[in-house]
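Below you'll find the structure, written out as structure tokens, and then a few comments.
The values are calculated or read from the model by the stated rules, or taken from the named source; none is laboratory data. Remember, predicted model here, so these are calculated numbers, not experimental data. Neighbour counts are summed over all protein chains in view; Cβ atoms, including those assigned to glycine, are modelled from backbone coordinates with ideal geometry.
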There are 2 protein chains.
Amino acid sequence: MTATTESEKKKREEEEEPEQVVNPWEVSAKGKIDYDKLIDRFGCQKLDEALISRLEQLTSRTPHVFLRRGVFFAHRDFAEILDAYERGDKFYLYTGRGPSSEALHLGHLIPFMFTKYLQDVFKVPLVIQLTDDEKFFWKNLTIEECRRLARENAKDIIACGFDISKTFIFSDFNYVGGSFYKNMCEVGKRVTYNQAVGIFGFAGEDHIGKVSFPPVQAVPSFPSSFPHLFSGKENLPCLIPCAIDQDPYFRMTRDVAPKMGFHKPALIESLFFPALQGETGKMSASDPNSAIYVTDSAKDIKNKVNKHAFSGGQDSIEKHRQLGANLEVDIPVKYLTFFLEDDDELEHIKKEYGEGRMLTGEVKQRLVQVLTELVERHRRARASVTEEMVDAFMAIRPLPHMFS
Amino acid sequence: MTATTESEKKKREEEEEPEQVVNPWEVSAKGKIDYDKLIDRFGCQKLDEALISRLEQLTSRTPHVFLRRGVFFAHRDFAEILDAYERGDKFYLYTGRGPSSEALHLGHLIPFMFTKYLQDVFKVPLVIQLTDDEKFFWKNLTIEECRRLARENAKDIIACGFDISKTFIFSDFNYVGGSFYKNMCEVGKRVTYNQAVGIFGFAGEDHIGKVSFPPVQAVPSFPSSFPHLFSGKENLPCLIPCAIDQDPYFRMTRDVAPKMGFHKPALIESLFFPALQGETGKMSASDPNSAIYVTDSAKDIKNKVNKHAFSGGQDSIEKHRQLGANLEVDIPVKYLTFFLEDDDELEHIKKEYGEGRMLTGEVKQRLVQVLTELVERHRRARASVTEEMVDAFMAIRPLPHMFS
């Protein structure tokens, strides 16, 4: 099949089913994202109660709020990671970020907050890839600007509390080479251009930098890409916590992994954090009022939540008391579902608000409190991250106690 | 224009004009390669007498036999390199080899013999790229096998007599990373897939490793790819001696160079060394009798020349004495044109043989002598190349006296 036929086929599919587009560069939907459809189309599995209970039993810890609330909702081979853990076998975590903006918003923090939980409960090593090359390819930025953003973003990531004795952060412009480059070539040799078009939707007008990128994001799934960490451990399985829009990269990776003699990486995948204006996609860096940033002041947060957070409450107090709020579309409740840790309080708010006894203003006030605390905590943590700490996390070094 | 349209266009062109195909992976022609047509199609210039005389004047040295005999016959901006040299400005040389076979044949030696001459007369630094990644992408070989071949080939290259104080040899699997990788990304961002299809003829079934390769061969043309050599000399012009089948890579490179703030690399390009069986293309590694290898014994050489070298002599001695040899198709005379240094002797042979006074056997005997000496000299030189010398040439190091 030729490139165009394939891309035309894809285009036709999108024309036939245009209600949602989810890939690493675009998330959009008419109305809400249908995550069940996404699971079906991508071919991953739903993360069900049984698997979460098993995780709870194995780790003797209450599952993370993102698991209890269905934020991480899909997976590939997560059961096999739990099997390995149960047998006492080791694995490692891999996550990453494309450093396209100076300030992270709350949606950006989610994979890192969750990855920190996984590192804490499983006590395993973690590699974090900053894809500054990807951002150079897709954005109108210089390499130096992308590298600077990678370093700034590393500070926010470190502020999430990762254990330096188990964590290696790297940027592609600093790290690509050696075994990592060899693995890139091994992957590149096993993916045809037509396949890449099928997975990523590349067009003939796209530059070859973009076409050459997928192997870069694939290879941190393979232990031999990190000889300073995993020398002699080429069989170590890998678990990737990420948002579901990254699934195409790892679908490709899972196809080639066995041909290269590696385990297929396992995945645990999150839904998207909704924009303040409502749940139709990811937050947008081009509209500062669509998101809460970790750099927002308490006043910013209060203004944004009060002015821009889409409410499911009724138009008048009378009508609200009578009908209650529509929790399905209410952004303050969605945000509390992500960030209010107390299950009882969340249930209480949802009941009182849903039945009209609590008003939008009261829910927003509680959300402002929760977010302000979260952002303040992050800001304090980030302020204490020094350049030396960044250097230390990014140093190419062994992690002698990574499994203890 | 879509990829397929472009590649179909190319296919149509080839169907319309199928008499010769010349690209980095295929050289074939019905009959002899028409080099004038190639110059015209590629858009390079003929290396004329005036330019060669100017080189002779500037360097006060008899031009290399490969220049006197038209082996290096085409160029791009070579006059500008001579201008720079005349002004006392510096430049550097870049050449390379795809290490696909253990033993080199005489055709493989030609660019290196010529590059050594250029290094000697201009006293400039030289970088030699061993594209072990390219061979991994195009051949059914493992990375380790490609790396081993790169190292073996490096010994043959070193045996050509390069000055270690001015020469850096690197293999892509050892060297890609850092500034080199950054430049690869800068090139990749500036070449669309459609353009790559137009230049290299990629098809949708080709893997993305191939598509990602052209930037790897492009970037040694840019001084900043070698910070250990050219830090602070980002304006240094580059001259690339190579066979003309490599022109597509550098056409692409010359397109992007100014957009990246670099000089367009200059080129000096050779024709192909003909197979023993006749002048229809390059020699083939799959037919050992099509070429003289640097590993051939004196006996091998004698047998190959006597049995397989296509002769322009006549069928019978009587007819030969009467008509003389057809020098246009005679391989022994072609080979002597490449390797017999004495201009007077070559003219004498051509005259005597062309007018029937000299017989094929006599010409072949002289050729066997010349080639045996050349191969013996190479073998002795290669035997003295130690692993330590390979390490020394390939060490990532400054070249403190590279211009003196």
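Summary of values
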{"read-out": "Residues (part of a helix (DSSP H, G or I) and at pLDDT below 95) located in segment B:37-57", "value": "B:Lys37, B:Leu38, B:Ile39, B:Asp40, B:Arg41, B:Phe42"}
{"read-out": "Residue match in segment A:86-95 (condition: touching a Pro at 6+ places or on another chain (Cβ under 7 Å) and part of a loop (DSSP other than H, G, I, E, B))", "value": "yes"}
{"read-out": "Residue match in segment B:202-221 (condition: part of a loop (DSSP other than H, G, I, E, B) and more than 23 Å from A:Glu186 (Cα to Cα))", "value": "no"}
{"read-out": "So B:Ser101, is it surrounded by fewer than 16 Cβ atoms within 10 Å (Cβ to Cβ), more than 19 Å from B:Met394 (Cβ to Cβ) and of a type in the set (S, T, N, Q)", "value": "no"}
{"read-out": "Qualifying residue in segment A:206-222 (condition: surrounded by fewer than 24 Cβ atoms within 10 Å (Cβ to Cβ), more than 8 Å from chain B (Cβ to nearest Cβ) and either β-branched (Val, Ile, Thr) or touching a Lys or Arg at 6+ places or on another chain (Cβ under 7 Å) (or both))", "value": "no"}
{"read-out": "Complete set of residues in segment B:375-404 that are surrounded by 19 or more Cβ atoms within 10 Å (Cβ to Cβ) and assigned by the TED database to the domain that holds B:Leu340", "value": "B:Val375, B:His378"}
{"read-out": "One residue from B:Lys139, B:Lys166, B:Lys135 being in contact with a Pro (Cβ under 7 Å, 6 or more places away or on another chain), assigned by the TED database to the domain that holds B:Arg54 and free of Cβ contacts under 8 Å to residues at least 40 places away in the same chain", "value": "B:Lys135"}
{"read-out": "Contacts under 9 angstrom Cβ, first residue in segment A:251-280 being closer than 18 Å to A:Ile110 by Cα and free of Cβ contacts under 8 Å to residues at least 60 places away in the same chain, partner hydroxyl-bearing (Ser, Thr, Tyr) and buried (at least 19 other Cβ atoms within 10 Å of the Cβ), 6 or more apart", "value": "A:Ala275/A:Ser290; A:Leu276/A:Ser290; A:Leu276/A:Tyr335"}
{"read-out": "Segments classed as helices (runs of 4 or more DSSP H), wholly inside segment B:317-404, with at least 2 members that are within 18 Å of B:Ile157 (Cβ to Cβ)", "value": "B:360-383, B:387-394"}
{"read-out": "Filter pass, B:Lys264 being part of a loop (DSSP other than H, G, I, E, B), assigned by the TED database to the domain that holds B:His64 and more than 16 Å from the chain's Cα centre (by Cα)", "value": "yes"}
{"read-out": "Flag if A:Lys259 is charged (D, E, K, R), surrounded by fewer than 21 Cβ atoms within 10 Å (Cβ to Cβ) and assigned to a helix (DSSP H, G or I)", "value": "yes"}
{"read-out": "Count of residues meeting criterion [without any contact (Cβ under 8 Å) to a residue 60 or more places away in the chain, under 24 Å from the mean Cα position of the chain (by Cα) and closer than 26 Å to A:Tyr175 by Cα] in segment B:180-203", "value": "2"}
{"read-out": "Leading residue by the ranking (farthest from the other protein chains (Cβ to nearest Cβ)) among those in segment B:223-236 that are in a loop (DSSP other than H, G, I, E, B) and of a type in the set (S, T, N, Q)", "value": "B:Asn235"}
